[in-house]
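The next block holds one structure in the form of C-alpha cells; read it before the comments.
Taken together, the values in this text are just the output of simple stated rules run on the coordinates, not laboratory data. The structure presented is a predicted model; accordingly, all values stated were derived computationally and were not measured. Cβ placement follows ideal geometry from the backbone for every residue including glycine, while neighbour counts extend to all protein chains displayed.
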Amino acid sequence: MNREQLNMLKELMAVQFTVLELHLYLDTHPTDQKALMEYNSMVHQLEVLKQQYQQRYGPLTWGEPSAYPWQWINEPWPWEICYE
Amino acid sequence: MWIYEKKLQYPAKVGRANVKMAKYLITQYGGPDGELSAALRYLTQRYTMPTPQAKGILTDIGTEELAHLEIIATLVYKLMDGASVEELKQVDLGGYYADHDKAVYYVNGSGVPWTATYIMAKGDPVADLHEDMAAEEKARATYDWLIDLSDDPDLNDTLKFLREREIVHFQRFGETLQIVQEYLDTKKYF
Amino acid sequence: MFAANERMRLARAYVPFQIFSKRLDPMEGLMKGTIFPELYFPYRRHKR
Ligand SMILES: [Fe+2]
C-alpha cells in the first residue's frame, strides 16, 4: 500500500474513531446537545472522507458500487497491511 | 445484522516477528478476559436489558469488541509471520503447531480453548452490568501484564490503545448501571 | 470517602457521569485511545 493511501486510511480511522467515541457517549447522554452537534458534524466529515477513499481505492464495506472487475476482493486485506 | 468494514479500527503494528509474544498475546483472542469473551458477553446480555441506553451501549461496545478481536488476530498473525517449526518448538508451541499450524485459534496463553463458561448472562441487569465492569477491569489488567511482558514499542503502542478502550468502556458501563438502577427504583414505587 | 445520602445509598456502586466539554483532535484521540482528555489514564510501568 502506498504512502498516500495509507495516510488517507489513517485519517479515516481517526475521524471514524471520533465518531465512535461520541456515539458511545451519546448512548448514555442522549440529551447532551453539544455532543450531538459535534457528532453530526463529525459524521458529515467521515462521509466525505469515505467517499473520497472509496472512489480511489474501492469499496470499504457492503453495498458500495464497484468498478470492473469486482473490487471488494482486492488485496491487501486489513491484517496484511504494513501500517508503518 | 452486522456489516463488515474492510479496515482495522487502529493501525496495528509489530516491530518484529516474535513467537513468544504471540503465545502470550493469544489469550486476548481466546482467553477468559479476551476480546471474544467480551464481544459475546455483551451481545448476548443486551436482550434482557430494561432501558434503551443499556440496549444501545451493549450493542455498540459488543460490536467494538469484535473490531478489537480483529486487531488481536492481526497482531498474532504478524508476530508469527515467517516463524519456523524450530522457533515454535523453542517456545513450546509444538503442540499448537500440531493442531493449528500457524492458524489463529481461540485459546488462552496456556493453549486451553475458549469456553462459554468464561462469560455469563444472568438476566438481572444490575448483576450483568457489574460483570461487564469487572470484565473491563480484568481486560485492562491483562493489557498491563502483556505490556510488562513485551519490549516491542510498536506492539506496545497498539496494546496501549486497546488498554485505554477498556477504561472508556468501564466508564460507559458505570453510567449505564446508574441509569438502570434509577429506572428500577422508579418502577418499584408504582 | 462519601457518606450515603439521598442520591447515593448503601450496597450500591456508583461511577460519576462524564460531562463532555472538549475533545482531542481525531488523530491525537486515535493515538491515545480516547478523544476525552478526562478519561485518559495511560499505562505506567510499576514494578517487576
Ligand atoms: Fe472492552
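Figures for the structure shown
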{"quantity": "Cα long-axis angle, helix A:3-28 against chain A (0 to 90 degrees, to the nearest 10)", "calculated": "30 degrees"}
{"quantity": "Under 19 Å from the Cα of B:LYS20 - aspartates and glutamates, other chains or at least 8 residues apart", "calculated": "B:ASP81, B:GLU86, B:GLU87, B:ASP92, B:ASP99, B:ASP101, B:ASP144, B:ASP148, B:ASP151, B:ASP152, B:ASP154, B:ASP157"}
{"quantity": "Hull shadow area, averaged, chain C [alpha-carbon convex hull, nm²]", "calculated": "6.2 nm²"}
{"quantity": "Label point at B:ASP99 placed 7 Å out along Cα→Cβ; residues across the range B:21-38 whose backbone nitrogen lies under 17 Å", "calculated": "B:22-34, B:36-37"}
{"quantity": "Sites B:GLU182 and A:ASN40 - FRET efficiency at Förster radius 22 Å, r taken between beta-carbons, to 0.05", "calculated": "0.20"}
{"quantity": "Farthest positive-ward along the protein assembly as shown dipole, Cα basis, beta-carbon charges - from A:VAL19, A:ALA67, B:LEU8", "calculated": "A:VAL19"}
{"quantity": "Links that overshoot a 19 Å alpha carbon limit, given the list A:LYS34/C:LYS22; B:LYS6/C:LYS32; A:LYS50/B:LYS7; A:LYS10/B:LYS102; A:LYS34/B:LYS7", "calculated": "B:LYS6/C:LYS32; A:LYS10/B:LYS102; A:LYS34/B:LYS7"}
{"quantity": "Spin-label model distance (nm) - A:ARG56 vs B:THR51, 7 Å beyond Cα toward Cβ", "calculated": "4.4 nm"}
{"quantity": "Expected-Rg normalisation [2.2 N^0.38 Å, Cα atoms] applied to the range B:74-124", "calculated": "1.47"}
{"quantity": "Size of charge dipole - chain A - debye, nearest 20, with Cβ of Lys, Arg +1 and Asp, Glu -1, no other charges", "calculated": "180 debye"}
{"quantity": "Residue-by-residue Karplus 3J(HN,Hα) for the range A:44-61, coefficients 6.51, -1.76, 1.60, Hz, glycine and proline x", "calculated": "4, 4, 5, 4, 4, 4, 4, 4, 4, 5, 5, 4, 7, 10, x, x, 9, 8"}
{"quantity": "Charge sum, other residues only, whose C-beta stays under 10 Å from B:TYR118's C-beta, Lys/Arg counted +1 and Asp/Glu -1", "calculated": "0"}
{"quantity": "Label point distance in nm, C:ARG12-B:MET120, each placed 7 Å from Cα along Cα→Cβ", "calculated": "2.1 nm"}
{"quantity": "Whole-number Å³ per residue for the convex hull built on Cα positions in chain A", "calculated": "114 Å³"}
{"quantity": "Residue-averaged 222 nm ellipticity for chain B, from DSSP H runs of 4+ at -39500 (n - 2.57), nearest 500", "calculated": "-21500 deg cm²/dmol"}
{"quantity": "Dipole magnitude of the protein assembly as shown, debye to nearest 20 (Cβ charges: Lys/Arg +1, Asp/Glu -1, about Cα centre)", "calculated": "500 debye"}
{"quantity": "Computed label-point distance, nm, for sites B:ALA127 and C:TYR40 using a 7 Å Cα→Cβ extension", "calculated": "4.0 nm"}
{"quantity": "Kirkwood-type radius of the protein assembly as shown, with distances r between different C-alpha atoms, in Å", "calculated": "21.1 Å"}
{"quantity": "Which of B:ASP151, B:ASP81, B:ASP157, A:ASP27 has the fewest Cβ neighbours within 10 Å, and the rest in rising order", "calculated": "B:ASP151, B:ASP81, B:ASP157, A:ASP27"}
{"quantity": "Summed side-chain charge close to B:ILE147 - residues other than B:ILE147 whose Cβ falls under 9 Å, Lys, Arg +1, Asp, Glu -1", "calculated": "+1"}
{"quantity": "Acute angle (nearest 10 degrees) that the helix B:125-149 long axis makes with the longest principal axis of chain B, alpha-carbon atoms", "calculated": "20 degrees"}
{"quantity": "B:LEU149-A:CYS82 FRET efficiency (beta carbon distance; Förster radius 30 Å; 0.05 resolution)", "calculated": "0.80"}
{"quantity": "Per-q log10 I(q)/I(0), chain B, q = 0.13, 0.17 Å⁻¹ (Debye; single scatterer per alpha-carbon; no solvent)", "calculated": "-0.69, -1.06"}
{"quantity": "Size of electric dipole in the range B:19-189: Cβ of Lys, Arg +1 and of Asp, Glu -1, about Cα centre, debye, nearest 20", "calculated": "500 debye"}
{"quantity": "Average projection area in nm² (convex hull over Cα atoms of the range B:7-92, one quarter of hull surface)", "calculated": "6.6 nm²"}
